[in-house]
Amino acid sequence: MPQPAFRSHDGGVEEQPAPDWPVRISSLRRMDEGRIAGGVAAGIAARTCVNLTLLRVIFCVTGIFTGFGLAVYVIAWLFLPKAGENSTIVSRAIHDLRGVALAAAAASMLIVIFSFISILGITVFSAVSWPNAIGAAGLVLIWRNADEEERASLHAMTSPLLGATSAGKKSWFAARLFLAAGLLIAGLAVLASDRPYLGVLLRPVTGLVVVLAAISVLCGPWWLRVMRDLGVERQARIRAEERADIAARVHDSVLQTLALIQRRADSPQQVVQLARAQERELRSWLFGGRAPGSMDGIAATFAAAVRLIQQDVEAQYGVAIEAVIVGDCELKDDDDLGAMLAAAREATVNAAKWSGASVISLFAEVEREEASVFVRDRGRGFDPEAVPADRKGLAESVRARMERRGGQASIRSVPGEGTEVSLTMPRTAGQREPSQAT
Amino acid sequence: MAASRPRVFIVDDHGLFRSGVRSELGDHVEVIGEAEDVMPAIEGIARLIPDVVLLDVHLPGGGGQLVVAELAPILPQTRFLALSASDAPQDVIAVIRAGARGYVTKTISGAELVDAITRVAAGDAVFSPRLAGFVLDAFSAQTADPVPAPSFDPELDQLTPREREVLRLIARGYTYKEIARELFISTKTVESHVSSVLRKLQLSTRHQLTRWAAERRLA
């Protein structure tokens with residue numbers, strides 16, 4: 001049996017210096033999530049990984065036919081603390097003397113009724129008495145000592161049963177009560193009678209059916225309403241979870257960035273950089289389905305690779321990059337395009353580092369015959385005749401990289417006006433076909 | 001130049017953005033009105049008849065193209081310049097096809113915006129690099145289509161090599177002046193090329209254009 005992750009929010013449990021077994025028992029909690037009555041079944045299901053519906057069916061069946069399920073359920077309800085709490089209902093109930101007295105009264109009254117029934121000879125119900133008496137007494141204690149929230153939900157569940165919801169429904173409730181009483185008496189009469197007008201086997205079955213019909217008439221609308229409320233509650237919970245998920249994402253991304261922006265308000269460059277990075281991330285989440293904060297790093301298409309260059313360089317150097325991409329194609333193992341993208345990245349980084357421009361234009365186009373990339377800045381530029389060694393090195397490396405693959409690179413620069421690096425790469429025949437990708 | 005300052009009307013649903021644009025434009029233009037929704041915008045523009053309307057592509061009461069479609073036929077002297085933060089191609093193409101004279105992104109600098117406004121006021125078209133990219137993409141997607149759709153005027157559905165060249169340079173971040181120098185033509189010729197592309201964009205009946213825009217949700 002796999003141990004579910006330990007819920008740390010029921011705080012005190014870890015603090016108790018206890019051997020293994022009390023921890024296991026005390027970490028069994030009544031769950032708020034997915035509960036119908038006290039959350040006992042949900043708690044057991046969460047703790048033991050037994051199917052929740054199966055547990056409920058077991059409780060119901062043993063509750064109806066022997067009363068045993070009800071007794072166990074009510075006792076568990078009394079003795080198990082709610083998830084996130086440490087006190088149990090029974091710890092409050094022992095101080096509630098009036099409640100104890102009422103419970104005892106209810107139990108003894110039930111025992112009297114059952115004894116009376118068994119004297120009448122209806123053996124079907126005779127075994128039920130003791131567990132039912134315990135259950136009834138426990139329910140009285142729960143009713144009086146559960147916390148506010150639980151009591152409210154119990155009240156919401158039972159008020160339609162008592163017909164106390166509105167005046168207009170009272171006559172309807174009275175009619176139902178009348179019909180149910182009639183059916184109940186008829187059923188009990190069938191069960192109690194000795195007359196052999198029906199088959200020996202058929203008599204108790206008929207009696208039971210009529211009694212069940214009586215219960216259904218009385219409680220049917222209530223059951224329906226409880227089921228409907230549960231459905232509504234489940235929907236509300238799903239919505240709340242979605243909202244929490246979005247809130248968490250917004251917090252992780254947008255709010256963090258806003259906080260950073262406030263702290264760096266004196267540095268416009270950084271603020272712009274943060275805002276742009278955040279904008280892109282949010283956009284890719286909203287429209288691209290990609291979660292904020294997750295960046296793949298590997299691009300499948302040419303356009304995606306160019307966007308990746310844009311993102312990386314913007315993030316690293318705090319320069320805005322205006323990327324315009326026309327056409328697209330699969331990258332697969334295209335080494336030629338890979339080399340061009342590497343050169344484009346180098347050129348973009350170089351412009352970001354040296355040009356001093358605040359915006360760099362990055363234009364990439366995929367055509368049938370060739371692919372091209374242009375990196376342009378309006379920065380300080382340089383005189384190609386008098387280049388510092390490192391920049392010349394870059395020009396050479398970009399050019400060499402392109403030419404090795406059969407492409408071309410040219411660099412134009414005018415001091416004071418900016419620089420443009422142009423890269424073109426012919427596309428080999430095999431790669432031309434899927435050019436209308438995406 | 002104070003006498004010929006273009007009279008500008010700003011339509012944007014973000015008050016912060018409107019006041020930001022107002023302060024960035026400064027004394028270069030005369031901002032005569034603002035609106036934050038489609039209906040007040042139509043009402044205000046029809047009443048004030050500005051030279052240029054700065055129009056957000058996304059508005060709560062419908063797209064900016066509604067404003068253009070409503071007013072462009074009855075106010076021939078008013079030009080519309082679309083502004084957008086989102087760059088969703090179908091929105092941009094829609095607002096251009098509705099009759100806007102240009103499109104710029106909201107990240108544009110103040111000086112560039114003033115330049116774009118004066119250009120639009122003078123009747124020219126203003127293409128941002130992004131829009132130039134969209135147009136190139138849209139028209140090249142069509143040429144790759146093996147079965148061209150029937151068309152009333154084939155000339156409208158094709159860019160000339162020169163127009164293509166101009167658009168490519170715009171996409172590369174060149175100004176009109178730089179393009180003129182690069183291609184050894186006058187700035188006026190560059191402007192006429194761009195206007196001709198704009199006309200094709202607005203009038204082309206090829207359904208691929210809308211299909212192309214719809215397929216590319218977001219740039």
Inset, instruction - Of the numbered conditions (1) among the small types (Gly, Ala, Ser); (2) at pLDDT 90 or above; (3) out of contact with any helix residue (DSSP H, G or I) (no Cβ under 6 Å at 6 or more places or on another chain), A:GLY327 fails exactly one; give the number of that condition. - result: (2)
Inset, instruction - Would you please name the residue that is farthest from A:GLN270 (Cα to Cα), looking only at residues in the range A:368-383 that are surrounded by fewer than 23 Cβ atoms within 10 Å (Cβ to Cβ) and touching a Ser or Thr at 6+ places or on another chain (Cβ under 7 Å)? - result: A:ARG368
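Is it the case, given these coordinates, that B:SER128 is surrounded by 23 or more Cβ atoms within 10 Å (Cβ to Cβ), within 13 Å of another protein chain (Cβ to nearest Cβ) and at negative phi?
Working: surrounded by 23 or more Cβ atoms within 10 Å (Cβ to Cβ): yes; within 13 Å of another protein chain (Cβ to nearest Cβ): yes; at negative phi: yes.
Judged against the criteria, B:SER128 is a match.
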Inset, instruction - Scan the range A:348-371 and give yes if some residue there is out of contact with any strand residue (DSSP E or B) (no Cβ under 8 Å at 6 or more places or on another chain), within 13 Å of chain B (Cβ to nearest Cβ) and either over 25 Å from A:THR428 (Cβ atoms) or touching a residue at least 12 places away in the same chain (Cβ under 8 Å) (or both), otherwise no. - result: yes
Inset, instruction - Might you check whether a residue that is buried (at least 19 other Cβ atoms within 10 Å of the Cβ), polar (S, T, N, Q) and in contact with a Phe, Trp or Tyr (Cβ under 8 Å, 6 or more places away or on another chain) occurs anywhere in the range A:352-362? - result: yes
Inset, instruction - Answer with yes or no whether B:VAL68 is touching a helix residue (DSSP H, G or I) at 6+ places or on another chain (Cβ under 8 Å), more than 14 Å from chain A (Cβ to nearest Cβ) and at pLDDT 90 or above. - result: no
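The values are calculated or read from the model by the stated rules, or taken from the named source; none is laboratory data. As the structure is a prediction and not an experimental result, all values here were calculated from the model. Here the Cβ is made from the backbone with ideal geometry for all residues, glycine too, and neighbour counts use every protein chain on show.
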